[in-house]
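Participant: Below are the structure tokens for one structure; questions will follow.
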Amino acid sequence: MSRFLSQTIRMRTIWHLRSFAHVALALLAIQFILPASAEDFSAGSMTIQDPWARPTPPNAKTGAGYFRVTNNGAAADQLLSASSRIASHVEIHRQILDGTVMRMRRVDSINIAPGQTLSFEPGGYHVMFIGLTQPLVEGDAFPMSIIFQDAGLAEVSVKVRAPAQ
Ligand SMILES: [Cu+2]
């Protein structure tokens with residue numbers, strides 16, 4: 001084999017490896033753009049997306065959870081309550097600015113209009129896990145039930161993770 005030819009073959013191989021690396025990187029990028037954590041759950045016409053909870057210190061008695069809920073139906077529905085085996089009870093809370101102080105208020109129910117997406121997120125609505133029976137450890141997941149007046153029971157899996165940046 002001439003030196004020129006072997007050099008050409010080597011360059012082509014390198015080029016192929018590089019283009020393979022680019023495809024692999026592109027696929028990796030797509031996976032980050034469409035996070036695997038974006039899981040959907042539903043009950044009737046209600047869809048619950050990306051339920052997650054903050055990790056807690058080992059002896060914490062409370063924790064907070066978040067999700068997005070969308071009403072795909074033609075009528076309003078009410079989010080009534082939530083429960084989970086990881087806490088003695090779960091309350092629906094809303095964080096509000098009272099003067100200069102952030103306070104949490106318990107909410108009895110939340111009306112969700114047709115077509116509305118309501119975000120439970122840090123600084124706003126959240127579910128409060130009261131009387132944790134176990135610490136919430138990053139990477140774990142636990143079941144939670146959400147009850148709607150019309151749509152009924154939605155069973156979701158809550159992922160424990162740090163808040164998204
Ligand atoms: Cu709270």
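Participant: Which of (1) buried (at least 17 other Cβ atoms within 10 Å of the Cβ); (2) closer than 20 Å to R161 by Cα is the odd one out, the single condition E121 does not satisfy?
Facilitator: (1)
Participant: Name the residues in region 119-139 that are over 24 Å from L80 (Cβ atoms) and charged (D, E, K, R), would you?
Facilitator: Initial filter on region 119-139 (over 24 Å from L80 (Cβ atoms)): 134-135, 137-139.
Once the filter is applied, which keeps residues that are over 24 Å from L80 (Cβ atoms) and charged (D, E, K, R), region 119-139 yields only E138.
Participant: What single numbered condition from (1) within 19 Å of S81 (Cα to Cα); (2) within 16 Å of the ligand (Cβ to nearest atom) fails to hold for N111?
Facilitator: (2)
Participant: Going through region 47-70 one residue at a time, which ones are of a type in the set (K, R) and touching a residue at least 60 places away in the same chain (Cβ under 8 Å)?
Facilitator: Kept after step one, since they are of a type in the set (K, R), are these residues of region 47-70: 54, 61, 68.
Passing the criteria: R54, K61.
Participant: Can you name the condition, by its number, that S145 falls short on among (1) of a type outside the set (V, I, T); (2) assigned to a loop (DSSP other than H, G, I, E, B); (3) closer than 30 Å to G73 by Cβ?
Facilitator: In the conditions (1) of a type outside the set (V, I, T); (2) assigned to a loop (DSSP other than H, G, I, E, B); (3) closer than 30 Å to G73 by Cβ, S145 misses (2) alone.
Participant: Pick from region 65-93 the residues that are closer than 17 Å to T47 by Cα and not in a strand (DSSP E or B): which of them is farthest from the ligand (Cβ to nearest atom)?
Facilitator: So the residue we want is A74.
Participant: Just the residues that are within 15 Å of the ligand (Cβ to nearest atom) and of a type in the set (V, I, T), please, taken from region 114-130.
Facilitator: V127, I130
Read the figures in this text as sums done on the coordinates, not as results from a lab. Please read all numbers here as calculations on a predicted model, not as lab measurements. Counting neighbours? That spans all protein chains shown, and the Cβs are built from the backbone with ideal geometry, glycine included.
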